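Input: a single structure, listed below in structure tokens.
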Amino acid sequence: MLRLLQPIAIALSIACVSPGTVSAQAYPSKTVRIVVPFAAGGGTDVIARYLAAGLTESMKHQVIVDNRAGANAIVGTEHVARAPADGYTLLFVSSPHSVNPSMYAKLPFDTLRDFAPVSLIAFSPYILVVHPSLPVRNVKDFVALAKRRPDEILYGSGGTGSSAHLTAELFNQMAGVKLREVPFKGAGPALIGTITGEVQAVFGNALTVKPHIESGRLRALGIASARRSPFAPDMPTISEAGVPGFSTAAVLGMLAPARTPRPIIDTLNAESHKVMKQPKTVETMRNIAVDIELSTPEEFGRLIESELNRWSKVIRALKLKPL
């Protein structure tokens, strides 16, 4: 009788194991896709590909980047929101994720409810750079000049609602100045417009402006991060250099579809941290002006909500109409 009961007991014990536990033990068992909702080659894409390569090595299964650009990241984000919640389709987000809810009247997903945070990965700070012909050497001088010449200093942006636009307008508010926007068709053209002197200033992503600062084609006045960056420890923050409390950066992190089992979220969080903490990763990120910043899923979720609230206030103050 005991022998007859043993198979039944084993079957019952297997049935009692939660689906999440089984998923975690078997995960991953096939290719994992990290959707980047931007075109290949941009800063977000570069960091996502580095993370994917590290996860492939760490988890012993292929992790690939799937670029699904369009509509200011909405196309790729919607794809992940509708994907199965099994850990095989993930989303690598940047700042538009927290800006779009205030910029668009209707999104095909809920920014908070339709995603499960995995981890914050890094900050890519913005740097205030100017054309060398502008007679300023630091943020304090720049603010003084802007106050003497309201609406005369032109800054480049990647378009209304872009990171460069909102960062500059936040600067206007906090510094009490009035820089005038010149919208370009993307961050790249805005940067080129500053190099050629078409505009005098731009808040550029540190990753993209770094080589132009080093070549002397642009002059850096200050970095917009909360603290000095390891890649340029001698560059003051904008906050300490003349606009107290000013801080903004591209927030880079990973999300999964809502209802993804917690054991899978925990596995992805731990493996991502392992990759980003490797000495070679730390050195690579420093060289491309990216500040590694890791978190728990809960901390990343709170950060997204905080960023969403912060940019909604800026957008309302600008009286920008939702698209």
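Tyr155 versus (1) outside any helix (DSSP H, G or I); (2) farther than 24 Å from Arg302 by Cα; (3) under 19 Å from the mean Cα position of the chain (by Cα): which is the lone unmet condition?
Evaluating Tyr155 over (1) outside any helix (DSSP H, G or I); (2) farther than 24 Å from Arg302 by Cα; (3) under 19 Å from the mean Cα position of the chain (by Cα) leaves (3) as the failure.
Which condition does Gly222 not pass, out of (1) of a type outside the set (Val, Ile, Thr); (2) more than 19 Å from the chain's Cα centre (by Cα); (3) part of a loop (DSSP other than H, G, I, E, B), if it passes all the others?
(3)
Of the conditions (1) in a helix (DSSP H, G or I); (2) within 30 Å of Val275 (Cα to Cα); (3) open to solvent by 20 Å² or more (accessible area, probe 1.4 Å); (4) not basic (Lys, Arg), Ser102 clears all except one; give me its number.
(2)
Considering Val46, Val36, which residue is surrounded by 15 or more Cβ atoms within 10 Å (Cβ to Cβ) and touching a strand residue (DSSP E or B) at 6+ places or on another chain (Cβ under 8 Å)?
Numbers: Val46 fails: touching a strand residue (DSSP E or B) at 6+ places or on another chain (Cβ under 8 Å).
So the residue among Val46, Val36 that is surrounded by 15 or more Cβ atoms within 10 Å (Cβ to Cβ) and touching a strand residue (DSSP E or B) at 6+ places or on another chain (Cβ under 8 Å) is Val36.
Just one of (1) of a type outside the set (D, E, K, R); (2) without any contact (Cβ under 8 Å) to a residue 24 or more places away in the chain; (3) open to solvent by 20 Å² or more (accessible area, probe 1.4 Å) trips up Pro108, so point out which.
Condition (2) is where Pro108 drops out.
Return only the number of the condition from (1) modelled with pLDDT of 95 or more; (2) open to solvent by 40 Å² or more (accessible area, probe 1.4 Å) that Val143 does not satisfy.
(2)
Matching residues to (1) modelled with pLDDT under 95; (2) not hydroxyl-bearing (Ser, Thr, Tyr):
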{"position": "Asp86", "(1), (2)": "no, yes"}
{"position": "Ser102", "(1), (2)": "yes, no"}
{"position": "Ala105", "(1), (2)": "yes, yes"}
{"position": "Pro132", "(1), (2)": "no, yes"}
{"position": "Lys147", "(1), (2)": "no, yes"}
{"position": "Ile153", "(1), (2)": "no, yes"}
{"position": "Gly158", "(1), (2)": "yes, yes"}
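Within the set of pairs 6+ apart or on separate chains, which have a first residue in segment 111-126 that is touching a residue at least 60 places away in the same chain (Cβ under 8 Å) and open to solvent by 10 Å² or more (accessible area, probe 1.4 Å), a second that is of a type in the set (Asp, Glu) and assigned to a strand (DSSP E or B), and C-beta atoms under 7 Å apart?
Phe123/Asp291
Condition first: of a type in the set (A, V, I, L, M), modelled with pLDDT under 95 and more than 11 Å from the chain's Cα centre (by Cα). Now tell me which residues in segment 37-58 satisfy that.
Ala39, Ala40, Val46
The values are calculated or read from the model by the stated rules, or taken from the named source; none is laboratory data. Quantities reported herein were computed from a predicted structural model and do not represent experimental measurements. Glycine gets a Cβ as well: all are built from the backbone with ideal geometry, and neighbour counts include every protein chain shown. The accessibility values were calculated without ligands, DNA or RNA, using every heavy atom of the protein model including side chains. Shrake-Rupley method; radii C 1.70, N 1.55, O 1.52, S 1.80 Å.
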